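S.K.: Below are the structure tokens for one structure; questions will follow.
The values are calculated or read from the model by the stated rules, or taken from the named source; none is laboratory data. As the structure is a prediction and not an experimental result, all values here were calculated from the model. Here Cβ is always computed from backbone atoms with ideal geometry, including for glycine, and neighbour counts include all displayed protein chains.
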Amino acid sequence: MPKYYIAQISDTHLFGDKNRKINGSNSYQNLKNVINQVVSLDKKPDLIVVSGDLSQDCTFESYQHLANLLHRCEIKYYFFPGNHDDVDIINKVFDMNWVKDKVDYSFNINGWFVNVIDTSVYPEVLGELSDDQLKNLKNNLEQNKNKPTIVFMHHHPLLLNSAWLDRYILKDAEKFINLIKLNPQVKAVLFGHIHQVFEKNIDGTFYGSAPASCYQVLPKTEMFTIEKLTAGYR
């Protein structure tokens, strides 16, 4: 099977005003820098996935900026909302028919099964999966048990040893983790939300976060602490 490259971009936190900053960072310029770097890689990614918190102010213009930058890179892309996102506005910009807190979908690509599951409970900061979502995920995994699988979500399902962030861990995360343990074909669970790199292997499944494209926070802290204003991606 030929190699297939996916770039994960997360937590873009865009404003309608391109010059407006979030915690000292120009999120628009940082995302532009990330995309410029992604498209100039020696091996250009086959797919981009943007894993939530697309906008900071939920304006039409902020999502339009995202659309313009993604279209410009000429790479196939998928995205989904985070806790900061208003799906009603996303629908207007991208001509979607998504329903708040229910943006779950899946697709097959290059022999892999990819399942996106919406952990947002807009406008709350915490993440949650309903019983119906877990049931649907279970059915999807069972129906595709012979395919290597990636699960994308916004919120972190594992504790980070960071007091302020762990308040916003995925609610009832143990149910999700136990479901993944029963499905060894799930090779990776990838998420955003935490503005830092986190990696852990559980029973052969890789759990990893993408750094934010706007700014990074210091790991393992009691309080919110910015580490640097530079952009990142996975």
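S.K.: So ASP166 fits all but one of (1) at pLDDT below 95; (2) within 21 Å of PHE80 (Cα to Cα); what number is the exception?
M.R.: Looking at each condition in turn, ASP166 falls short on (2).
S.K.: A further question follows. Determine the pairs where a residue that is under 17 Å from LYS18 (Cα atoms), located within region 66-95, has a partner that is among the β-branched types (Val, Ile, Thr) with Cβ atoms under 6 Å apart, the partner being 6 or more residues away or on another chain.
M.R.: Pairs that qualify, where the first residue is under 17 Å from LYS18 (Cα atoms) and the partner is among the β-branched types (Val, Ile, Thr), are ALA67/VAL93; LEU69/ILE35.
S.K.: Quick one: count up the residues across region 203-229 that are among the aliphatic types (A, V, I, L, M), under 21 Å from GLY82 (Cα atoms) and part of a loop (DSSP other than H, G, I, E, B).
M.R.: Selection size over region 203-229: 3.
S.K.: Which of the residues that make up region 9-59 are part of a loop (DSSP other than H, G, I, E, B), among the hydroxyl-bearing types (Ser, Thr, Tyr) and in contact with a Phe, Trp or Tyr (Cβ under 9 Å, 6 or more places away or on another chain)?
M.R.: Correct list: THR12, THR59.
S.K.: Go through the residues of region 39-48 one by one and say whether even a single one is of a type in the set (A, V, I, L, M), surrounded by fewer than 19 Cβ atoms within 10 Å (Cβ to Cβ) and touching a Cys at 6+ places or on another chain (Cβ under 7 Å).
M.R.: Within region 39-48, one or more residues are of a type in the set (A, V, I, L, M), surrounded by fewer than 19 Cβ atoms within 10 Å (Cβ to Cβ) and touching a Cys at 6+ places or on another chain (Cβ under 7 Å).
S.K.: Something else about it: Only residues that are over 16 Å from ASP95 (Cβ atoms) and more than 18 Å from the chain's Cα centre (by Cα): list them for region 66-77, please.
M.R.: Selection gives ARG72, CYS73, GLU74.
S.K.: In this structure, does ILE90 turn out to be surrounded by 19 or more Cβ atoms within 10 Å (Cβ to Cβ) and over 15 Å from SER10 (Cβ atoms)?
M.R.: yes
S.K.: Can you tell me which residue within region 103-122, out of those that are in contact (Cβ under 8 Å) with a residue 40 or more places away in the chain and out of contact with any strand residue (DSSP E or B) (no Cβ under 7 Å at 6 or more places or on another chain), is surrounded by the most Cβ atoms within 10 Å (Cβ to Cβ)?
M.R.: Only one residue fits best here, namely TYR122.
S.K.: Out of region 178-234, which residues are buried (at least 18 other Cβ atoms within 10 Å of the Cβ) and among the hydroxyl-bearing types (Ser, Thr, Tyr)?
M.R.: Within region 178-234, THR205, TYR207, SER209, SER213, TYR215, TYR233 meet the criteria.
S.K.: Within region 21-43, how many residues turn out to be out of contact with any helix residue (DSSP H, G or I) (no Cβ under 8 Å at 6 or more places or on another chain) and under 15 Å from SER62 (Cα atoms)?
M.R.: Final tally of qualifying residues: 5.
S.K.: When region 78-127 is examined, which residues are found to be at positive phi and over 16 Å from the mean Cα position of the chain (by Cα)?
M.R.: If the condition is that a residue be at positive phi and over 16 Å from the mean Cα position of the chain (by Cα), then ASP95, ASN110, GLY111 are the ones that fit.
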